[in-house]
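Asker: Input: one structure, supplied below.
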Amino acid sequence: MLSLLRSSRLIFSLVSTTLIIGITGCPQSVSLSGSEIVEPQSAQSNVSPAAANRAATDVQALVSLGPRVAGTPVMDQASAYLIEEYRKAGYATKIQPFSYSKVEDQGSNLIVERTTITGRALNGSEAGNLSASLVAIPNVGQISDFEQVNVRGAIAIVERGEIRFSEKATNAAAAGAVGLIIVNNAPGDFSGSLGDGFDIPVLSLSQEQGRPLLKQAEREQLEITLNVNITERTVTGRNIIAHLAGVDQPSILVGGHYDSVQGSPGANDNASGTAVVLEMARNLANTPLAQQVWFVAFDGEEDGLHGSRAFVREADSQFLSNLKGMLNFDMVGINSALQASGTPTLTALVGTLDQPVSTVEGGIGGSDHVPFASADVPVLFFNRGQDANYHTPNDLQVEADLLNETTQIGLDVIRQVLGSR
Ligand SMILES: [Zn+2]
């Protein structure tokens, strides 16, 4: 499947391609737009109101900057805010720059019966302007679903859900489709990515626009024109690394990404995780444990885990093998159920905690812990599950209580791993 263009991207490992594994999301509770913060119920009674609000205040500060897209001026403000907060807590900070090429949508759509329907090119999609018949794919586009229809030389249309965008695109291309349309399974538009580039153009449609078209294609033969207009540019991202002066080799690395997707203020994805990591740092600052922990705000996650991939790529093997754990926090601001997945030795440890967190066996999800896991670092991924506002303009809300609960659970895990309980 690898086209010549993509293989040339792979050669320049210093400039990695756009690759996002989407993280699936969920509905929210309280709004955080403007200056409103809902007072947390302070599950941790020993936490002062000011302290109990710190993480929520961090989320508000990051959300108020607008969408935090990697390589844009907003990221200068976001990184400056984080650096200032880490320094106020007593930590030394450094910026780790990295660069990668990014595909940008210059306006993509499809035309059917002289009607133009606007959509979004998925990251990693091939550019293309082509006309062909439209074939509806049953269910969610598993291999067995494509086997039920003839999509050779046609454009496939399928619903979002269950399997990753990249799997749907792989199955479509393997079945001979020359293009793919993915229809949202929730109201509104969505952005997403496929992983290292694909040979066919792939367009996302909102549920409102896409579902009627999918239903029509199930009933009748349609001819459409698919226009995926994308350009490529080099993006420079900046990881923010914080640790106490002189701590060159941590035992634990705690992280979360601080970038968001185009058009989304990213309160839950992922100002929530960024704020929890910062709040954990504040809590540990004046304790001996801080001598063994690094805190990292990763950039470029939404474009393909670029910040965490750059961190692992540039770390020496001794540094990585000395890590007892990488704890990643992504989308921890809404939904009551906190989940932890990852390396069994660490999930087993989480299972011993007397805290409201459940462990998930099997798949570890797709976020910044993945490059560390690939480098054999034990990992834990903390997430609160589905979010209907994921990657939309409505991702404006988190719950201060859940941020504080996540912080306390993260601190408990660190104490357990470092045997300081
Ligand atoms: Zn995220």
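Asker: Filter the range 232-257 down to the residues that are within 16 Å of the ligand (Cβ to nearest atom) and over 21 Å from LEU65 (Cβ atoms) and list them by number.
Answerer: VAL254
Asker: Out of (1) of a type in the set (D, E, K, R); (2) more than 20 Å from GLU405 (Cα to Cα); (3) away from the ligand (no atom under 13 Å from the Cβ), the odd one out for GLU279 is which?
Answerer: The failed condition is (2).
Asker: Would you say VAL350 is open to solvent by less than 50 Å² (accessible area, probe 1.4 Å), more than 16 Å from the ligand (Cβ to nearest atom) and within 25 Å of GLY195 (Cβ to Cβ)?
Answerer: The answer is no for VAL350.
Asker: Of everything in the range 374-389 that's closer than 16 Å to LEU305 by Cβ and aliphatic (A, V, I, L, M), which residue is surrounded by the most Cβ atoms within 10 Å (Cβ to Cβ)?
Answerer: VAL379
Asker: Can you tell me which of ILE157, ILE95, ILE111 is in contact with a helix residue (DSSP H, G or I) (Cβ under 6 Å, 6 or more places away or on another chain) and outside any loop (DSSP other than H, G, I, E, B)?
Answerer: Sole residue among the options that is in contact with a helix residue (DSSP H, G or I) (Cβ under 6 Å, 6 or more places away or on another chain) and outside any loop (DSSP other than H, G, I, E, B): ILE157.
Asker: Going by the conditions given, is LEU203 assigned to a helix (DSSP H, G or I) and outside the structural domain of ASP58 (by TED's automatic domain parsing)?
Answerer: no
Asker: Pairs needed: first member in the range 336-356, in the same structural domain as SER272 (by TED's automatic domain parsing) and more than 11 Å from GLY325 (Cβ to Cβ); second member anywhere, assigned to a loop (DSSP other than H, G, I, E, B) and among the hydrophobic types (A, V, I, L, M, F, W, C); C-beta distance under 7 Å; at least 6 residues apart or different chains.
Answerer: So the pair list comes out as LEU338/VAL332; SER341/ILE364.
Asker: Please enumerate the residues belonging to the range 70-84 that are surrounded by 22 or more Cβ atoms within 10 Å (Cβ to Cβ), touching a helix residue (DSSP H, G or I) at 6+ places or on another chain (Cβ under 9 Å) and under 20 Å from VAL276 (Cα atoms).
Answerer: ALA78, LEU82
Asker: Can you pull out the residues in the range 257-279 that are over 19 Å from GLN96 (Cβ atoms) and part of a helix (DSSP H, G or I)?
Answerer: Of everything in the range 257-279, those that are over 19 Å from GLN96 (Cβ atoms) and part of a helix (DSSP H, G or I) turn out to be ALA267, ASN268, ASP269, ALA271, SER272, ALA275, VAL276, GLU279.
Asker: Still on this structure, please answer the following. Filter the range 86-106 for residues that are under 25 Å from the mean Cα position of the chain (by Cα) and open to solvent by 40 Å² or more (accessible area, probe 1.4 Å) and give the result.
Answerer: Scanning the range 86-106 gives LYS94, ILE95, PRO97, GLU104, ASP105, GLN106.
Asker: Taking the range 131-159 only, how many residues are open to solvent by less than 40 Å² (accessible area, probe 1.4 Å) and touching a residue at least 12 places away in the same chain (Cβ under 8 Å)?
Answerer: Number of matching residues: 16.
Asker: Considering each of GLN355, GLN339, GLN291, GLN318 in turn, give the residue that is within 16 Å of the ligand (Cβ to nearest atom) and either in a loop (DSSP other than H, G, I, E, B) or surrounded by fewer than 24 Cβ atoms within 10 Å (Cβ to Cβ) (or both).
Answerer: Selected residue: GLN339, the only one of GLN355, GLN339, GLN291, GLN318 that is within 16 Å of the ligand (Cβ to nearest atom) and either in a loop (DSSP other than H, G, I, E, B) or surrounded by fewer than 24 Cβ atoms within 10 Å (Cβ to Cβ) (or both).
Asker: Which pairs have Cβ atoms under 8 Å, sit 6 or more apart or on different chains, and link a residue in the range 255-266 that is without any contact (Cβ under 8 Å) to a residue 12 or more places away in the chain and in the same structural domain as ILE95 (by TED's automatic domain parsing) to one that is outside any loop (DSSP other than H, G, I, E, B) and more than 9 Å from the ligand (Cβ to nearest atom)?
Answerer: Going by the 8 Å Cβ cut-off, there are no qualifying pairs.
Asker: Among the residues in the range 165-173, are any part of a helix (DSSP H, G or I), open to solvent by 20 Å² or more (accessible area, probe 1.4 Å) and among the aromatic types (Phe, Trp, Tyr)?
Answerer: yes
Asker: Does the range 180-197 include one or more residues that are part of a helix (DSSP H, G or I), under 30 Å from TYR258 (Cα atoms) and either out of contact with any Leu (no Cβ under 6 Å at 6 or more places or on another chain) or free of Cβ contacts under 8 Å to residues at least 12 places away in the same chain (or both)?
Answerer: No, the range 180-197 contains no residue that is part of a helix (DSSP H, G or I), under 30 Å from TYR258 (Cα atoms) and either out of contact with any Leu (no Cβ under 6 Å at 6 or more places or on another chain) or free of Cβ contacts under 8 Å to residues at least 12 places away in the same chain (or both).
Asker: GLY365: assigned to a loop (DSSP other than H, G, I, E, B), open to solvent by less than 10 Å² (accessible area, probe 1.4 Å) and in the same structural domain as GLN408 (by TED's automatic domain parsing), yes or no?
Answerer: The answer is no for GLY365.
Asker: Then there is this: Given (1) β-branched (Val, Ile, Thr); (2) open to solvent by 20 Å² or more (accessible area, probe 1.4 Å); (3) in contact (Cβ under 8 Å) with a residue 40 or more places away in the chain, identify the lone condition not met by ILE117.
Answerer: (2)
Asker: So if I check each of SER264, SER260, SER191, SER272, which one is of a type in the set (Gly, Ala, Ser), open to solvent by 10 Å² or more (accessible area, probe 1.4 Å) and within 16 Å of the ligand (Cβ to nearest atom)?
Answerer: The match here is SER191.
Asker: Could I ask something else about it? Could we say that VAL254 is among the β-branched types (Val, Ile, Thr), surrounded by 24 or more Cβ atoms within 10 Å (Cβ to Cβ) and assigned to a strand (DSSP E or B) here?
Answerer: Considered against the rule, which asks whether it is among the β-branched types (Val, Ile, Thr), surrounded by 24 or more Cβ atoms within 10 Å (Cβ to Cβ) and assigned to a strand (DSSP E or B), VAL254 comes out as yes.
Asker: Something else about it: Do you know which of the residues in the range 233-251 that are touching a residue at least 60 places away in the same chain (Cβ under 8 Å) and loosely packed, with under 15 Cβ neighbours inside 10 Å is farthest from SER125 (Cα to Cα)?
Answerer: Looking at the filtered set, the residue picked out is ALA245.
The values are calculated or read from the model by the stated rules, or taken from the named source; none is laboratory data. This one's a predicted model, so the numbers in the text were calculated from it and none came from an experiment. Positions of Cβ are generated from backbone atoms using ideal geometry, with glycine treated the same way; all protein chains shown enter the neighbour counts. Just the protein is used for accessible areas: all its heavy atoms, side chains included, with ligands, DNA and RNA removed. Shrake-Rupley method; radii C 1.70, N 1.55, O 1.52, S 1.80 Å.
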